[in-house]
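Report on the structure given below.
What follows draws every value from the coordinates through simple rules; no lab data is involved. Since the structure is predicted, the reported quantities are computational estimates derived from the model, not experimental observations. Here Cβ is always computed from backbone atoms with ideal geometry, including for glycine, and neighbour counts include all displayed protein chains.
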Amino acid sequence: MTGPANVPAPIPPTLGELGRAPKALLHDHLDGGLRPETVLDLAHETGYTGLPCDDATELAAWFRTAADSGSLERYLETFAHTVAVMQTPVGLERVARECAVDLADDGVVYAEVRFAPEQHLDAGLDLDRVVDHVLEGMRAGESEARARGRHIRVGVLLTAMRHAARSREIAELAVRFRDRGVVGFDIAGAEAGNPPSRHLDAFEYMRDENAHFTIHAGEAFGLPSIHEAIAFCGTDRLGHGVRITDDITVAADGSASLGRLANYVRDKRIPLELCPSSNVQTGAVDTLENHPFDLLARLRFRVTVNTDNRLMSDTSMSREMQRLAETFGYGWSDLERFTINAMKSAFLPFDERLEIIDDVIKPGYAVLLG
Ligand SMILES: O=c1[nH]cnc2c1ncn2[C@@H]1O[C@H](CO)[C@@H](O)[C@H]1O
Ligand SMILES: [Zn+2]
């Protein structure tokens, strides 16, 4: 973090070093993280003919460019192609297995990966079978990574689409699978016009079941969405939440004053699942340099680093951390703090969170800190 003027900024960690650092990821969409080759393979296998091109490199570039739209709605249109090839048991299991393997290869030790089961029913699967296949793929990916000496634990979050009307059903699905690898619930999709309070019964059900959930809020819409997510719905975390800066005023001398909502979020240690590259692509912020990540980190909000959609943003946890380190001058102690923030905020039992922090994260950064 940018320190006093006479202290030199740390040398930014390299991508190789970052790959070895233990990382915790709370916000990653399964249908936003496919390998481009897998999109092509599955399209051929299932007869999906809607892809814009037939070459993996071109397809990767297409997703990146199309997602660079400056609008959440247009960004979300790119998911039509990934969702289209994730309708069969084979497709769902492969995508989930590769997700776990790719995250483990990047040094992610704990991940919560989300997807919306209601979008995967086109080939006749029911909601329970969809979740079964994804969980099976995740377990296979964890084993495959372990066989190569990479240890990752993946928990799944079930997302309900906020423009649709199945949130209560998806919340019940999440609770039904809570002892089989599903660790929480979420709502996603176009934020403007679809406030979180539309899904109040789903959140009330989750709270009644002592179950965890997060809400995409404060990405394409500002403070009212964040306020509803917290005050009406009782969210545990905020998906993005970047627009909380609308309630923070920074004076010319750099001092910041917080409004009541921003203070509440900070006081209650409500985790912010910040996704820097995605926020630039959807236009939530104009450039990475202007991303409020550093302001929020300096003000000691509970900030976490996340990928959102690795395919659409052509990114990984290591790359998100590298971009932040290069932009804001972060060193290992900052990256360790963000990682511990994430692990503390995971939807795992407290003792299991602590075990990963004490046995994996702290020793990993101790080596890097030298
Ligand atoms: O940043 C985001 N904001 C809101 N919705 C999103 C974002 N990224 C992905 N999805 C939506 O979540 C669904 C389930 O994974 C995806 O299909 C996409 O429509
Ligand atoms: Zn998201």
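A few notes on this one:
- Between the residues 24, 115, 357, the greatest Cα displacement towards the positive end of the dipole of the chain, with unit charges on the Cβ of Lys, Arg, Asp and Glu, is found for 357.
- Dipole magnitude for the chain: about 1000 debye, using +1 per Lys or Arg Cβ and -1 per Asp or Glu Cβ, origin at the Cα centre.
- Across the stretch 196-209, computed HN-Hα scalar couplings (Karplus, 6.51 cos²θ - 1.76 cosθ + 1.60, θ = phi - 60°) run x, 5, 4, 10, 4, 5, 5, 5, 5, 4, 4, 5, 4, 8 Hz from first to last residue, x flagging Gly and Pro.
- ³J(HN,Hα) computed for each position of the stretch 148-163 - Karplus, 6.51 cos²θ - 1.76 cosθ + 1.60, integer Hz, glycine/proline x: 9, x, 10, 9, 9, 10, 10, x, 9, 10, 9, 9, 9, 7, 6, 7
- Value of relative contact order over the chain, rounded to a whole percent, pairs C-alpha under 8 Å and six or more apart: 22 percent
- When you count the other C-beta atoms within 10 angstrom of each residue and take the mean per peptide, 102-110, 11-19 line up highest first as 102-110, 11-19.
- For residue 163, distant residues with modelled amide H under 5 Å away: 190
- Between the stretch 186-201 and the stretch 247-301, the alpha-carbon center distance in angstrom: 22 Å
- Using Cβ point charges alone (K and R +1, D and E -1), the dipole size of the stretch 216-370 about the Cα centre works out to roughly 280 debye.
- Sparse packing (at most 11 other Cβ atoms within 10 Å of the Cβ) combined with a DSSP loop state is found for the following trypsin sites (Lys or Arg not before Pro) in the stretch 130-179: 148.
- For the stretch 227-331, trypsin sites (Lys or Arg not before Pro) are listed when DSSP marks them as loop and at most 16 other Cβ atoms sit within 10 Å of their Cβ; the list is 268, 269, 300.
- Per-residue HN-Hα couplings for the stretch 237-245 [Karplus 6.51, -1.76, 1.60; θ = phi - 60°; Hz; x = Gly/Pro]: 9, 10, x, 6, x, 4, 6, 4, 5
- Charge dipole (the stretch 85-168, unit charges on Cβ, about Cα centre) - positive-most of 130, 159, 86: 159
- Whether the chain is rounded, prolate or oblate, judged on the alpha carbon gyration tensor where a/c under 1.5 counts as rounded: rounded
- The dipole here belongs to the stretch 1-140: it is taken about the Cα centre, uses +1 on the Cβ of Lys and Arg and -1 on the Cβ of Asp and Glu, and is about 520 debye.
- Working note: 222 nm ellipticity from helices only, DSSP H runs with n ≥ 4, each -39,500 (n - 2.57), summed and divided by the residues of the chain, gives -13000 deg cm²/dmol to the nearest 500.
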